[in-house]
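Take a look at the structure set out below.
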Amino acid sequence: MKQIERSKCPITNSENIEILSNRKFPLFCGCTTENSESDLIYEEEFAICKDSGVLFLNKLIPLDVLYKNGHYAGSVGKIWEEHHEAFANFIFQVKPRNVLEVGGGHGKLAQNFLKLQKTNWTIVEPDTKNKFDNVNYIDGFFDKSICKNKQYDVIVHSHTFEHIYKPNEFLNDISNSLNEKGYMIFSLPNMQKWLENKFSNCLFFEHTIFLNEKLIDYLLAKNSFKIIKKYYFKNHSIFYLTQKNKNVEQTVISNNYLENKKLFLSMIEFYKAQIFKLNEIILRSSKEIYLFGAHLFSQNLIYDGLDISKIKYILDNDINKQDKRLYGTNLYVKSPKILKNKNNVLVILNAGIYNEEIKNNILNDINPNAKVVLC
């Protein structure tokens with residue numbers, strides 16, 4: 001498979017770009033039952049636009065390949081449950097009658113909202129495995145032809161925008177799909193905070209553009225969306241309530257080249273130092289060693305050079321991942337409950353904003369004697 005090379009800024013179309021990093025990385029950030037010979041490893045190359053400071057993935061994976069196994073992030077964990085409930089309440093402000101959710105995945109947002117208000121809710125998703133009877137489904141990727149009758153008064157998306165390869169075109173299509181004063185309400189990662197805090201799931205094969213608030217404000221105004229309200233959910237997400245308005249004042253992109261380059265490169269240096277520290281701990285430890293997270297977080301450590309020779313299993317709370325192999329590795333996944341009653345275990349934990357939630361679950365609910373090393 002040939003990757004799609006951008007070679008210019010996906011926001012400004014400027015060809016004045018600089019390559020910041022390049023490495024080989026697994027295509028899929030989940031688990032598989034297939035043998036390791038079938039794993040696909042591709043170039044993960046990030047660049048920055050010198051004219052605007054937009055950070056982006058320069059070599060893309062075709063969408064039908066990248067999401068062959070679907071996308072179900074946000075289905076497990078206390079923070080995600082709180083997010084879905086809070087975002088449903090945020091949407092409830094406008095009392096929608098006919099909702100289209102782009103990228104509905106596991107359907108948890110819809111179910112949270114439908115507890116608050118009975119409404120006509122439709123999800124457009126390429127491969128929905130578990131469908132609910134109280135939701136309508138359109139199988140496929142979002143296309144403006146879905147809304148040719150402008151039948152939806154609200155278009156919703158949650159942790160979808162950061163997956164879009166052409167955000168300007170995506171917003172333009174949504175804008176054209178709504179009547180004047182129709183709403184677009186969305187949630188996305190607080191990417192500024194994620195990058196500042198060195199969360200490795202900020203940018204990867206699925207999150208291909210650094211969408212900080214300055215860039216989002218520019219894109220919204222350009223596509224006739226006025227920001228009515230913002231809500232900051234922890235340091236995890238930002239909720240946007242926007243309304244179509246052709247008279248919205250246009251903005252310009254401020255050049256954050258130096259600031260964003262420094263942020264990105266400092267994250268790379270941070271993980272180099274972390275790998276050195278972790279490998280020293282692994283080398284000297286006589287404990288039974290586990291790595292938490294059957295996801296990108298663990299893949300990131302492994303492909304940055306983590307010594308996995310003494311790691312017994314990957315741990316993950318998602319039952320759909322357990323007893324499968326973490327893609328791109330030879331490590332298998334088990335429930336954290338296997339730590340129960342063990343007296344000499346060490347768990348390496350690198351899960352970004354979810355670190356404290358997972359650590360507390362291990363120490364308070366499973367094994368208070370486990371040693372947890374945070375990355």
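The values are calculated or read from the model by the stated rules, or taken from the named source; none is laboratory data. Quick caveat: nothing in here was measured; it's all calculated off a predicted structure. Here the Cβ is made from the backbone with ideal geometry for all residues, glycine too, and neighbour counts use every protein chain on show. When the accessible area is computed, the model is the full protein with side chains, heavy atoms only, and any ligands, DNA or RNA have been set aside. Shrake-Rupley method; radii C 1.70, N 1.55, O 1.52, S 1.80 Å.
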When residues of the stretch 326-339 are limited to those that are out of contact with any helix residue (DSSP H, G or I) (no Cβ under 7 Å at 6 or more places or on another chain) and in a strand (DSSP E or B), the one farthest from D365 (Cα to Cα): Y332
Of the numbered conditions (1) open to solvent by 20 Å² or more (accessible area, probe 1.4 Å); (2) in a helix (DSSP H, G or I); (3) closer than 17 Å to C29 by Cα, I281 fails exactly one; give the number of that condition. (3)
K229 being open to solvent by 50 Å² or more (accessible area, probe 1.4 Å) and under 18 Å from V99 (Cβ atoms): yes
Please verify whether the stretch 345-354 includes one or more residues that are open to solvent by less than 60 Å² (accessible area, probe 1.4 Å) and more than 17 Å from A294 (Cα to Cα). yes
Can you tell me which residue within the stretch 245-278, out of those that are β-branched (V, I, T) and under 24 Å from F297 (Cβ atoms), is surrounded by the fewest Cβ atoms within 10 Å (Cβ to Cβ)? I268
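Taking the conditions exactly as written (part of a helix (DSSP H, G or I), β-branched (V, I, T) and either at pLDDT below 95 or closer than 24 Å to E34 by Cα (or both)), does I302 satisfy them or not? Don't jump to the end; show me each part of the working.
Values: part of a helix (DSSP H, G or I): yes; β-branched (V, I, T): yes; either at pLDDT below 95 or closer than 24 Å to E34 by Cα (or both): yes.
Spelling it out, I302 is indeed part of a helix (DSSP H, G or I), β-branched (V, I, T) and either at pLDDT below 95 or closer than 24 Å to E34 by Cα (or both).
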Tell me, yes or no, whether the stretch 235-243 has at least one residue that is open to solvent by 40 Å² or more (accessible area, probe 1.4 Å), aromatic (F, W, Y), touching a residue at least 60 places away in the same chain (Cβ under 8 Å) and within 24 Å of H83 (Cβ to Cβ). no
